[in-house]
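*Asks:* My questions will all concern the structure given below.
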Amino acid sequence: FHQTVLRWGGDFSESSNELAIEVPISLLNVHKDESASLYSAHVTILAQIKDKSGAVLEHFSEDIARRGDLKQIDSFLADRLTLQRPYVTAPGDYVLEAAVTDLNGGKSGAQRSEFTIPDAGDGPRLSDVALVLRTAALEGAPGPSETMLYNKTRVVPNLSRQMSAGTSRISFFFCALPDARAVRSEVTLEMDV
């Protein structure tokens with residue numbers, strides 16, 4: 001599985017961030033019930049953010065069960081299950097620890113990665129840039145710390161950074177943050193890809 005913390009920025013005391021974990025369905029044990037013409041997959045994802053002293057600051061979990069018509073299993077196997085959670089923290093050094101369990105297959109995996117939330121600094125800033133996998137409808141109103149929103153939908157990042165052959169459009173998601181101390185004026189962002 002893939003994991004990351006996307007840093008969206010903020011003021012000098014706090015930064016908005018998004019924990020994202022992506023599990024390729026093709027690597028899971030997907031149960032096929034031929035008599036009911038259904039498939040099913042079931043995973044549990046656990047993650048925690050620790051500071052450099054080892055204290056747990058944030059804890060996230062989700063139990064994800066999916067099933068559908070066996071006729072659509074090929075498109076299901078090409079997809080990914082994701083866990084996304086926004087959170088706010090002070091600049092500093094942190095550790096992300098995550099574990100994924102495939103409940104159908106009885107297998108688990110774990111990862112640990114270090115990351116830094118930088119100080120806001122002077123001048124305009126650009127957040128992390130996320131490759132977009134897709135957008136998904138929101139369930140209810142977005143929370144106050146929700147960061148990955150576009151046109152009333154949630155942006156799902158592509159953490160594997162793999163695209164299907166023949167993909168005609170590639171989208172990116174990021175935040176451009178102006179200099180909070182400067183007098184507001186017109187700002188232009190130019191990108192070369």
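*Asks:* Convert 4 °C to kelvin, take the viscosity as 1.567 mPa s, use the Kirkwood radius over C-alpha pairs of region 1-104 as Rh, and evaluate the Stokes-Einstein diffusion coefficient in µm²/s, rounded to a whole number.
*Replies:* In µm²/s, the coefficient is 84.
*Asks:* With the convex hull built on the Cα atoms of the chain, state its orientation-averaged projected area in nm².
*Replies:* With the hull built on Cα positions only, its mean projection is 13.6 nm².
*Asks:* Please work out the Cα center distance from region 136-174 to region 1-47, rounded to the nearest Å.
*Replies:* 13
*Asks:* A further question on this structure: Can you give the accessible area of Glu62, probe radius 1.4 Å, in Å² rounded to 10?
*Replies:* 60
*Asks:* Across region 111-123, in residue order, what do the Karplus-derived ³J(HN,Hα) couplings come to in whole Hz, using 6.51 cos²θ - 1.76 cosθ + 1.60 with θ = phi - 60° and x for Gly and Pro?
*Replies:* Ordered by residue, 3J(HN,Hα) equals 9, 9, 9, 9, 8, 10, 9, x, 5, 4, x, 8, x Hz.
*Asks:* Between Ile170 and Arg67, with labels modelled 7 Å along Cα→Cβ, what's the label distance in nm to one decimal, could you check?
*Replies:* 3.9
*Asks:* Another question about this same structure. Among Gly68, Gly109, Gly143, which one moves the most in a GNM of the chain with springs linking Cα atoms closer than 10 Å?
*Replies:* Gly143
*Asks:* Can you compute 3J(HN,Hα) from phi for each residue in region 164-172, using the Karplus curve 6.51 cos²θ - 1.76 cosθ + 1.60 with θ = phi - 60°, rounded to whole Hz and x for Gly and Pro?
*Replies:* 5, 4, x, 4, 8, 10, 10, 10, 10
*Asks:* Give me the one-decimal Kirkwood hydrodynamic radius in Å for region 124-193, with the sum taken over alpha-carbon pairs.
*Replies:* Averaging 1/r across every pair of different Cα atoms and inverting gives 14.5 Å.
*Asks:* Could you pull out which residues in region 71-104 have an amide N less than 16 Å from a spot 7 Å beyond the Cα of Ser37, following the Cα-Cβ vector?
*Replies:* In region 71-104, the label zone of Ser37 (backbone N under 16 Å from the point 7 Å along Cα→Cβ) covers 71-74.
The values are calculated or read from the model by the stated rules, or taken from the named source; none is laboratory data. On a predicted model such as this, the values are computed, not experimentally measured, just so you know. Here Cβ is always computed from backbone atoms with ideal geometry, including for glycine, and neighbour counts include all displayed protein chains. What goes into the accessible areas is simple: the full protein's heavy atoms, side chains included, and nothing from ligands, DNA or RNA. Shrake-Rupley method; radii C 1.70, N 1.55, O 1.52, S 1.80 Å.
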